[in-house]
Amino acid sequence: MSDLTPLTDREIDDSRRSLLGLGSAKAALAAVGAIAASAALPIGAAAEAQSLHSSDTDILNFALNLEYLETEYYLRAVVGTTGDEAFRTNLGGAVRGGRKVAFANPVHDGLFRNITANEYKHVNFLRSINGSASIQRPVIDFDAGFAGVAQAAGLPDFDPFANEMNFFLGAMLFEDVGVTAYKGSARNIRNKQILESAAGILASEGYHMGAVRSVIYKMGDDWRRRAVNISEMRDRLDGPQDLDQPPVQIGDRSNVVPANQNGIAFGRTPQHVLNIVYGNPAQGIVAGGFFPEGFNGRIRST
Ligand SMILES: [Fe+2]
Ligand SMILES: [Fe+2]
């Protein structure tokens, strides 16, 4: 499935050379590509082989629930396939809803294909690290989840798969949650190699979020207004603190990056992340919203 294969160094360099009017560097880079490909496998194998502290396994499984959610969201809408088809195996729980989105803008389509490939690889990577301790995909319900968002955010008939703008807003909902989840869990990761990988995934989610929020911001008031609704909905769900920030204009400045006074992105506890994806601000909740049977793994209660 070429859509999900990360671009190789050679493809990226060829594209760069083509923009600069240079010839293809295929031959010169073939050796580099081969080295990169051969290096890719041992890294994953090494991660799997190391013994993980059980609490690190729990954190990675917590993140894996969110990665399954993101992966199914993008695969269905951008590629028109499912996680089971992409991985050529039954990943676990059923997934309800989601369908191919007709992207009018090829730049947006290309952006989401990039993100989709990353999400697919995040699932693959976390499953490989956790090995046999890896959770299966939880039951995911996009229909119920987004119906709840529509009601809670005051966006009647909000359907992220209906058009490009709605799909960006749905992506913002998930990407912002992903960034804050990795940030909020970082302090509890004990193994430094795992922490480094998690930092890399956090960066990847930050790029996703920045790209998505930039487009929403650039598209003007109609898109921004709906992003405010989503942001305020998250803020009502995730505890009393006012953490969430929409990509709006403040004075002569955009607020694409939700950061504190030190320029540091904020994080959420796992419980507050669960409040959002379960669509419920209460404590002790174990299911709801996008996850009708709750998260899989040990971190699953608000
Ligand atoms: Fe991801
Ligand atoms: Fe992402």
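The values are calculated or read from the model by the stated rules, or taken from the named source; none is laboratory data. Remember, predicted model here, so these are calculated numbers, not experimental data. Virtual Cβ from ideal backbone geometry, glycine too; neighbours counted across all protein chains shown.
Listed values, structure above:
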quantity: All positions within the stretch 167-198 that are away from ligand 2 (no atom under 13 Å from the Cβ) and within 15 Å of Pro270 (Cβ to Cβ); calculated: Lys183, Gly184, Ser185, Ala186, Arg187, Asn188, Ile189, Ala198
quantity: Failed item, numbered, when Phe146 is tested on (1) more than 15 Å from ligand 1 (Cβ to nearest atom); (2) surrounded by 20 or more Cβ atoms within 10 Å (Cβ to Cβ); (3) farther than 27 Å from Pro270 by Cα; (4) not hydroxyl-bearing (Ser, Thr, Tyr); calculated: (3)
quantity: Some residue of the stretch 220-227 being in contact with an Asp or Glu (Cβ under 6 Å, 6 or more places away or on another chain) and in contact (Cβ under 8 Å) with a residue 12 or more places away in the chain; calculated: no
quantity: Qualifying residue in the stretch 39-62 (condition: of a type in the set (A, V, I, L, M), modelled with pLDDT of 95 or more and surrounded by 12 or more Cβ atoms within 10 Å (Cβ to Cβ)); calculated: yes
quantity: Candidate set from the stretch 63-98 (those that are in contact with a helix residue (DSSP H, G or I) (Cβ under 6 Å, 6 or more places away or on another chain) and charged (D, E, K, R)); member that is surrounded by the fewest Cβ atoms within 10 Å (Cβ to Cβ); calculated: Arg96
quantity: Among the candidates Ser185, Ser214, Ser231, residue that is within 15 Å of ligand 1 (Cβ to nearest atom) and of a type in the set (S, T, N, Q); calculated: Ser185
quantity: Lone qualifier among Pro160, Pro240 - being in the same structural domain as Ala117 (by TED's automatic domain parsing) and within 15 Å of ligand 2 (Cβ to nearest atom); calculated: Pro160
quantity: Ile201 being away from ligand 2 (no atom under 16 Å from the Cβ), closer than 22 Å to Asp56 by Cα and among the aliphatic types (A, V, I, L, M); calculated: no
quantity: Any hit, the stretch 191-200, residues being away from ligand 1 (no atom under 16 Å from the Cβ) and among the hydrophobic types (A, V, I, L, M, F, W, C); calculated: yes
quantity: Residue match in the stretch 120-142 (condition: among the acidic types (Asp, Glu) and surrounded by fewer than 19 Cβ atoms within 10 Å (Cβ to Cβ)); calculated: no
quantity: Subset of the stretch 228-244 that is crowded, with 20+ Cβ neighbours inside 10 Å and without any contact (Cβ under 8 Å) to a residue 60 or more places away in the chain - its residue that is farthest from Thr302 (Cα to Cα); calculated: Ser231
quantity: Of residues in the stretch 166-210 being within 13 Å of the chain's Cα centre (by Cα), farther than 23 Å from Asp221 by Cα and hydroxyl-bearing (Ser, Thr, Tyr), the one surrounded by the fewest Cβ atoms within 10 Å (Cβ to Cβ); calculated: Ser204
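Rundown of residues vs (1) in contact with a Pro (Cβ under 6 Å, 6 or more places away or on another chain); (2) under 24 Å from Thr180 (Cα atoms); (3) in the same structural domain as Phe161 (by TED's automatic domain parsing); (4) acidic (Asp, Glu), yes/no style:
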{"position": "Val79", "(1), (2), (3), (4)": "no, no, yes, no"}
{"position": "Val107", "(1), (2), (3), (4)": "no, no, yes, no"}
{"position": "Phe112", "(1), (2), (3), (4)": "no, yes, yes, no"}
{"position": "Glu119", "(1), (2), (3), (4)": "no, yes, yes, yes"}
{"position": "Phe125", "(1), (2), (3), (4)": "no, yes, yes, no"}
{"position": "Asn130", "(1), (2), (3), (4)": "no, yes, yes, no"}
